[in-house]
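Inspection log for the structure reproduced underneath, given as structure tokens.
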Amino acid sequence: MVWKRQRGRTDRRGPEGSLTAPTAAAPTSAGPVGRAQSPVTDPTFLQGIRPIPTGGLAGRQPWPAVDINGVAPSGEHLRVSVDAFAGPLLVVFLTTNCDGCDGFWDGLRDEVEPPLPGGVDVVIVTKGESVVSREDVARVAVGIARVPVVMSDQAWGDYHVLGYPFFVLVDAPTRSVVAETVGFGWADVAGLLS
């Protein structure tokens with residue numbers, strides 16, 4: 001059964017993971033009686049959610065970049081070594097059925113001059129075959145031969161990516177992640193690279 005989302009509904013997991021019945025929202029000290037507590041002030045709601053840091057790593061230490069292991073849309077095993085690149089490497093996390101990703105797939109096709117500064121290498125990473133089919137990845141990657149396309153669940157975990165389209169900038173010579181961002185357009189990527 002599918003429940004419609006209801007304002008003020010506060011379902012909680014009970015013992016053994018069962019859902020408890022919806023309860024009336026408790027009044028908060030910040031609002032009038034009968035108003036639901038905001039989810040962003042509910043520690044139970046926030047448990048497990050982490051912010052996605054974006055931009056440069058000012059004030060934070062870069063962390064090690066790792067090689068990307070997976071399969072190509074053709075089915076062959078593919079390993080992209082960070083050591084194979086001499087300068088900055090942009091790791092682009094996309095998926096196949098995402099309106100926000102379409103512009104990035106199109107902008108990385110061979111016949112299009114990518115809207116990136118010269119000297120930036122690119123790798124596209126999708127989820128693995130347990131999430132997306134090779135046929136779907138091959139379909140959206142038509143015309144992309146100069147940029148490796150890797151299907152890898154492991155890479156999403158290694159780079160701590162929670163959503164898409166997402167971009168991770170790696171300084172290949174030092175094998176360090178130096179910036180990351182959610183990208184809604186090429187302007188966001190240009191901002192990351194600057």
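Every read-out reported here was derived from the displayed coordinates using simple, explicitly stated rules and does not represent laboratory data. Keep in mind the model is a prediction, meaning the values are calculated, not measured. All Cβ positions, even for glycine, are placed from backbone atoms using ideal geometry, and neighbour counts span all protein chains on display.
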Surrounding charge for P64, neighbours by C-beta under 10 angstrom, Lys/Arg +1, Asp/Glu -1, total 0
If E111, E180, E135 are placed from fewest to most neighbouring beta carbons inside 10 Å, the sequence is E111, E135, E180
Can you tally the net charge around A141? Count Lys and Arg as +1, Asp and Glu as -1, for every other residue whose Cβ sits under 15 Å from the Cβ of A141. -3
Mean 1/r over distinct Cα pairs of segment 120-183, inverted to a Kirkwood Rh in Å, yields 12.8 Å
Using just the alpha carbons, could you tell me how many Å³ per residue the convex hull of segment 86-158 encloses? 92 Å³
Summed residue charge, Cβ within 11 Å of A84's Cβ, Lys/Arg positive, Asp/Glu negative: -2
5 Å is the cut-off here: which amide hydrogens, built 1.01 Å from N in the peptide plane, fall below it relative to W63, excluding neighbours closer than 5 in sequence? V177
Sequence order, segment 83-91: Karplus ³J(HN,Hα) from phi using 6.51 cos²θ - 1.76 cosθ + 1.60, θ = phi - 60°, Hz rounded, Gly and Pro as x, gives 5, 6, 10, 9, x, x, 10, 9, 9
For V150, residues with placed amide H under 5 Å, excluding near neighbours: I124, V125, T126
Give the separation of the Cα centroids, segment 163-194 to segment 118-155, in Å. 16 Å
Determine ³J(HN,Hα), in whole Hz, for all residues of segment 95-110 in sequence, where each value follows from phi through the Karplus function 6.51 cos²θ - 1.76 cosθ + 1.60 and θ = phi - 60°; x replaces Gly and Pro. 9, 8, 10, 8, 4, x, 8, 4, x, 6, 4, 5, x, 9, 5, 4
Calculated from backbone phi, Karplus (6.51, -1.76, 1.60) coupling profile of segment 71-82 in Hz, x at Gly/Pro: 10, 7, x, 6, x, 7, 5, 9, 10, 9, 8, 4
Per residue and in cubic angstrom, what volume does the convex hull of the Cα atoms of segment 66-194 have? 95 Å³
